[in-house]
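The values are calculated or read from the model by the stated rules, or taken from the named source; none is laboratory data. As the structure is a computational prediction, the values presented were derived from the model and not from experiment. Every residue, glycine as well, gets a Cβ built from its backbone with ideal geometry; the counts of neighbours run over all protein chains shown. With ligands, DNA and RNA removed, areas are computed over all heavy atoms of the protein, side chains included. Shrake-Rupley method; radii C 1.70, N 1.55, O 1.52, S 1.80 Å.
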Amino acid sequence: MEELKKFYNLLYRFRFIVIAVPLITIIIAYFLVRNLADQYVSEGQIATGIVDETQILTNAADKQESSVVREFSNLIEIMKLEKIINLVSYQLIIHDLTAEKPFRDLSPKIKDLAEVERRKILNSFRKKYANRETLNAFNPDDKQLVEILESMDYNSDFISKNLTAERLENSDFISVRFVSENPDLSAFVVNTECREFVSYYTAILKENQTKAVKFLSQRAKEKSDTLNKSVAALKQYKIKNRIINLVEQSRKMYELSAEYETRKQEAEKSIVALKGAIANIDRQFDPSQRRYFEASLEKVNQNLVQSKKELNAITEKYIQSGFDDEYMPKMDSLKEVINKQILVQSSKYIDNPMVQKQNLIAKKLNLQVEYDIARYSLATLKRELADMNSRFDKLVPHEAVIQSLERKIDIASREYLDVLEKYNSASLEASLSSRLRQVQVANPGIEQPSKKMLLIILGGIISFVFCLLIFFIIFYFDNKIGTPRELAQITEIPVLGKINRVNSASLALKEIWSNLNSNPEMQELKKQLRSARYEISREMLHKPNERKGQVLNITSMNDSEGKTLLVACIAYSYVVISKKVLLIDGNFDHPSITENSNSSFYIEDYLKSGNLGSSEFSAGIMVMGNRGEDKSLFEIADEETVKQRMDQLRNEFDIILVETPSLETLGKAKEWNLVADKVMGVFEANQALSQNKKQHINYLKALNGQFIGWVINKVSVDLGAKSSSSTNLLQ
């Protein structure tokens with residue numbers, strides 16, 4: 001809050017500048033804008049067909065919003081191309097050169113041309129427009145045309161600056177607006193811009209579509225040829241390797257292999273079982289019976305052998321055919337013949353002494369036939385199984401080759417279909433008319449509300465804000481101390497009081513304390529002196545039972561901070577309360593008190609003689625001056641003598657005020673401080689603390705309580721009126 005008050009005080013101090021600058025700006029702005037031409041705006045609309053579902057035949061209706069925004073941005077940027085803007089410029093200058101009522105008066109550059117030159121210029125612009133050429137300012141042939149356009153203000157910069165194109169919210173339309181001083185000019189520019197843009201975009205679109213269709217047609221043919229070559233390669237490979245259906249063949253061979261394996265296992269089991277059964281029957285006959293049996297069956301075996309050979313041949317064919325059921329009746333018939341032959345032979349030997357074992361003999365013959373059949377079948381099965389595995393192994397390389405060829409066909413087919421789809425889509429788009437068209441023709445523009453008053457007001461506001469900004473920068477970087485609170489906070493030393501800036505030329509000390517003086521400035525000064533006197537007296541309280549007066553040195557960090565006048569005012573304030581006051585001018589470099597008084601007493605004489613003179617002093621101010629020579633206190637008398645003389649003065653006066661040199665004199669001020677009871681500083685307001693001044697402040701702090709505080713002098717009246725009334729301020 002304190003900083004805001006300070007900033008407000010700064011503005012109040014420069015209030016006339018803050019008010020005058022905006023007023024002057026408003027006056028200047030008024031004279032600048034009063035002759036501005038009225039503005040007319042015309043608007044046209046272009047339908048793009050990007051989001052219009054009634055014009056979309058493909059899947060473009062499902063476009064993402066980002067894609068739609070990008071397409072509209074591209075269209076708007078194309079509309080702002082210099083190539084199209086130049087075509088509008090050509091049309092404008094051609095109109096003004098040929099029309100009875102041009103949009104603008106011809107510029108002096110055109111008027112100065114002869115009729116032949118003017119016609120030549122017109123033909124040049126028409127040629128540029130017909131060939132859709134742009135102007136090049138670095139080309140000598142085009143330089144004159146560029147200057148003509150600039151003289152009429154029909155150049156691309158003027159049109160681009162006043163032409164706006166934007167999408168109407170989320171619609172399918174682009175709004176085109178132009179602002180100028182002529183309503184017909186505004187409408188002409190909008191309509192020409194829309195027409196040239198639609199024509200240009202349609203031309204490049206058709207050109208790109210034609211190129212796309214041609215390119216896709218060639219690609220489709222290439223992909224078709226590739227597909228046909230791949231199909232032909234697969235066909236030739238299958239013919240060459242006698243492959244009809246590799247998958248079916250593989251499946252059939254796998255099934256046959258599995259069945260052969262199963263039959264082989266069954267045959268092996270049967271052989272083992274039959275061999276065991278025959279051996280068991282043989283063990284039931286003794287050797288003589290077996291010889292008789294074998295001899296008796298010699299003829300039977302011959303017939304059986306022949307029949308078994310036929311059965312084995314049929315069985316082998318059955319296995320080789322993949323177990324075709326066609327051979328089953330023949331096999332069953334041969335088995336029945338063999339059984340009959342065995343029965344016939346068995347019945348033929350019915351009267352044999354071994355007839356009781358005829359059943360075993362018949363059973364052995366049957367088992368022997370089955371054993372032979374199983375043994376021959378096993379050999380055939382093994383041979384066929386080995387052959388089947390060999391044929392299956394030969395199919396594996398064919399499978400890899402055929403899969404590779406089929407994969408190429410699949411890829412070529414997808415590529416061909418993809419290109420064909422794009423070709424059909426591009427052909428369809430190329431066969432349709434352009435969806436871009438102007439749906440709203442611009443009419444002569446309506447007058448826009450005048451911006452003159454707005455510009456004037458803005459000028460005043462901007463200048464006012466600019467002034468505030470300048471003063472804020474000054475305030476922010478201003479490190480000057482202007483109030484007692486700031487002085488106390490920065491130096492960390494108490495402030496005993498403040499004294500406003502007054503006109504010292506008309507200042508009379510007696511009039512300050514006179515009730516007849518009704519000057520508000522003097523009344524305020526009186527209050528401030530009373531406050532300062534009270535604070536000084538409180539800081540210089542006598543010790544108990546001590547009746548001597550005290551010595552108060554009044555110093556400053558620089559010369560010309562107002563010590564002399566302040567010392568005089570404080571001295572007179574003590575006189576008002578009936579105190580005996582001695583005012584010593586201890587500033588040998590600038591003896592201002594001595595020069596402004598009629599005193600005949602000098603400090604040099606007193607320190608040497610110790611004599612105050614013969615006059616009696618009861619109350620009031622006694623002034624002790626100096627001769628103004630370049631010397632210090634201890635150069636006049638030694639320190640012990642000075643202290644004795646000062647003790648003598650303490651017995652004679654209630655308070656002794658000494659104006660000492662500034663701290664810039666270094667030793668001169670410090671010598672006075674050695675013989676004083678207290679030291680008070682005078683600080684001139686509105687000054688910053690330099691490095692040297694900070695060293696002086698550190699010295700005053702190091703006086704161990706001898707320094708009682710500041711009196712801030714020459715405080716600006718506006719700051720003083722706004723600041724706090726407290727006089728003893730600490731950080």
Residue in segment 163-183 that is nearest to residue 437 (Cα to Cα), counting only those that are over 33 Å from the mean Cα position of the chain (by Cα) and assigned to a strand (DSSP E or B): 178
From the options 373, 361, 409, residue that is modelled with pLDDT of 65 or more and touching a Phe, Trp or Tyr at 6+ places or on another chain (Cβ under 7 Å): 361
Residue match in segment 480-503 (condition: buried (at least 16 other Cβ atoms within 10 Å of the Cβ), among the aliphatic types (A, V, I, L, M) and at pLDDT below 70): no
Residue list for segment 626-662, restricted to those being open to solvent by 10 Å² or more (accessible area, probe 1.4 Å), assigned to a helix (DSSP H, G or I) and not polar (S, T, N, Q): 634, 635, 636, 639, 640, 643, 645, 647, 650, 652
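Yes or no, residue by residue, for (1) within 19 Å of residue 561 (Cα to Cα); (2) in contact with an Asp or Glu (Cβ under 8 Å, 6 or more places away or on another chain); (3) at pLDDT 85 or above; (4) part of a strand (DSSP E or B):
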| residue | (1), (2), (3), (4) |
| --- | --- |
| 664 | yes, yes, no, no |
| 676 | no, no, yes, no |
| 679 | yes, no, yes, yes |
| 683 | yes, yes, yes, yes |
| 697 | yes, no, yes, no |
| 704 | no, no, no, no |
| 709 | yes, yes, yes, yes |
| 713 | yes, yes, yes, yes |
Criterion: under 15 Å from residue 78 (Cα atoms), free of Cβ contacts under 8 Å to residues at least 24 places away in the same chain and not hydroxyl-bearing (Ser, Thr, Tyr) - qualifying residue of 232, 165, 203: 203
Long-range neighbours under 6 Å by Cβ, at least six apart or interchain, first residue without any contact (Cβ under 8 Å) to a residue 40 or more places away in the chain within segment 638-650, second not in a helix (DSSP H, G or I): 642/675; 643/675; 645/610
Test: residue in segment 619-632 that is closer than 21 Å to residue 662 by Cα and among the hydrophobic types (A, V, I, L, M, F, W, C): yes
Failed item in (1) out of contact with any helix residue (DSSP H, G or I) (no Cβ under 9 Å at 6 or more places or on another chain); (2) of a type in the set (Val, Ile, Thr); (3) under 28 Å from residue 575 (Cβ atoms), with residue 665 passing the rest: (3)
Filtered residue count, segment 582-593, keeping only those that are buried (at least 22 other Cβ atoms within 10 Å of the Cβ) and either of a type in the set (Ser, Thr, Tyr) or assigned to a strand (DSSP E or B) (or both): 4
Residues located in segment 447-477, provided they are farther than 22 Å from residue 34 by Cβ and either in contact with a strand residue (DSSP E or B) (Cβ under 6 Å, 6 or more places away or on another chain) or open to solvent by 100 Å² or more (accessible area, probe 1.4 Å) (or both): 466, 476, 477
Residue check, residue 188 more than 41 Å from the chain's Cα centre (by Cα), modelled with pLDDT of 90 or more and not small (Gly, Ala, Ser): yes
Residue pairs meeting the criteria (Cβ under 8 Å; at least 6 apart or on separate chains; first open to solvent by less than 50 Å² (accessible area, probe 1.4 Å), in segment 692-709; second among the aromatic types (Phe, Trp, Tyr) and not in a helix (DSSP H, G or I)): 700/707
Whichever residue in segment 61-96 is in contact with a Ser or Thr (Cβ under 9 Å, 6 or more places away or on another chain) and among the polar types (S, T, N, Q) and, among such residues, is most open to solvent (accessible area, probe 1.4 Å): 91
Near pairs, Cβ below 6 angstrom, 6+ apart or cross-chain, from segment 473-494 (more than 13 Å from residue 711 (Cα to Cα)) to any residue that is of a type in the set (Phe, Trp, Tyr): 475/7
Residue count for segment 84-125, restricted to those that are among the charged types (D, E, K, R), free of Cβ contacts under 8 Å to residues at least 60 places away in the same chain and not in a helix (DSSP H, G or I): 4
Any chance residue 598 is open to solvent by 50 Å² or more (accessible area, probe 1.4 Å), of a type in the set (S, T, N, Q) and closer than 25 Å to residue 576 by Cβ: yes
Test: residue in segment 126-147 that is assigned to a helix (DSSP H, G or I) and within 20 Å of residue 180 (Cβ to Cβ): no
Exclusive hit being closer than 30 Å to residue 522 by Cα and part of a strand (DSSP E or B), set 623, 575: 623
Residue tally, condition of a type outside the set (S, T, N, Q) and at pLDDT below 75, over segment 45-80: 8
